[in-house]
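Below: one structure, written as structure tokens.
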Amino acid sequence: MSARLGDDRFAVALGDAWVLNDPVVGQGANLGSRTAFVLADTILALPPDDETFCRAAHAAMWDAARPVVDWTNAFLQPPPPHARELLYTAARDQRVANTFIDDFNDPTAQWDVLSTPQHTAAWPHRVRGDTGRAA
Ligand SMILES: Cc1cc2nc3c(=O)[nH]c(=O)nc-3n(C[C@H](O)[C@H](O)[C@H](O)COP(=O)(O)OP(=O)(O)OC[C@H]3O[C@@H](n4cnc5c(N)ncnc54)[C@H](O)[C@@H]3O)c2cc1C
């Protein structure tokens, strides 16, 4: 998101002013920090002086943010059957439970696991090293 402040001046939003995550899985501050680095990289790659830059910055930041937002929003809905199945599996297998919790610092990977029933079904097999059954 950006705002035109005058003919040749723009403001680019960051942090909660850019995208607001529910605090349910505690991602907002870390995402703000991460997208600040993405914005810095975009400043180094492009002249930061026009609307084209603002659109490029937004697109690069959204690439980083989208899985985090989707992961967060998933916790605001009743869990679908494949997510419930993963919790049942984790309750019976300590390695799966530990890995799921350890990976909370990587919401992009977490969302990849939960985003489709196929990924969710394959993931415990990957954790166990059962590559023959992993997707
Ligand atoms: C209960 C809760 C738990 C959370 N837990 C986590 C967590 O575990 N991990 C995590 O990563 N994130 C967590 N977050 C999210 C995190 O707190 C926010 O994403 C983060 O603080 C956003 O940083 P920010 O700098 O964008 O905005 P803010 O931290 O809101 O900073 C904005 C600042 O601007 C100031 N300001 C506002 N208007 C003006 C004005 N007109 N002029 C001057 N100053 C102004 C405000 O006073 C404020 O100091 C949690 C949030 C909540 C509510």
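The values are calculated or read from the model by the stated rules, or taken from the named source; none is laboratory data. Since this is a predicted model, take the numbers as computed values, not measurements. When we count neighbours, we look across all protein chains shown, and the Cβ atoms used for this are built from the backbone with ideal geometry, even at glycine.
Whenever a residue of the stretch 74-88 is closer than 18 Å to Thr108 by Cβ, its partners that are polar (S, T, N, Q), lying with C-beta atoms within less than 9 angstrom and at least six residues away or across chains, give the pairs Ala74/Ser115; Ala83/Thr120; Leu86/Thr120. Only one of the numbered conditions (1) at pLDDT below 95; (2) crowded, with 16+ Cβ neighbours inside 10 Å; (3) in the same structural domain as Asp8 (by TED's automatic domain parsing) is violated by Pro47, and that is (2).
Examine the stretch 48-68 for a residue that is among the polar types (S, T, N, Q), more than 26 Å from Val127 (Cα to Cα) and out of contact with any strand residue (DSSP E or B) (no Cβ under 7 Å at 6 or more places or on another chain), and state whether such a residue exists. Scanning the stretch 48-68, I find at least one residue that is among the polar types (S, T, N, Q), more than 26 Å from Val127 (Cα to Cα) and out of contact with any strand residue (DSSP E or B) (no Cβ under 7 Å at 6 or more places or on another chain), so the answer is yes. One residue stands out among those in the stretch 1-56 that are assigned to a strand (DSSP E or B) and within 16 Å of the ligand (Cβ to nearest atom): the one that is farthest from the chain's Cα centre (by Cα), which is Leu5. Are any residues in the stretch 70-110 of a type in the set (D, E, K, R) and either under 25 Å from Leu31 (Cα atoms) or under 20 Å from the mean Cα position of the chain (by Cα) (or both), and if so, which ones? Within the stretch 70-110, Asp70, Asp102, Asp103, Asp106 qualify.
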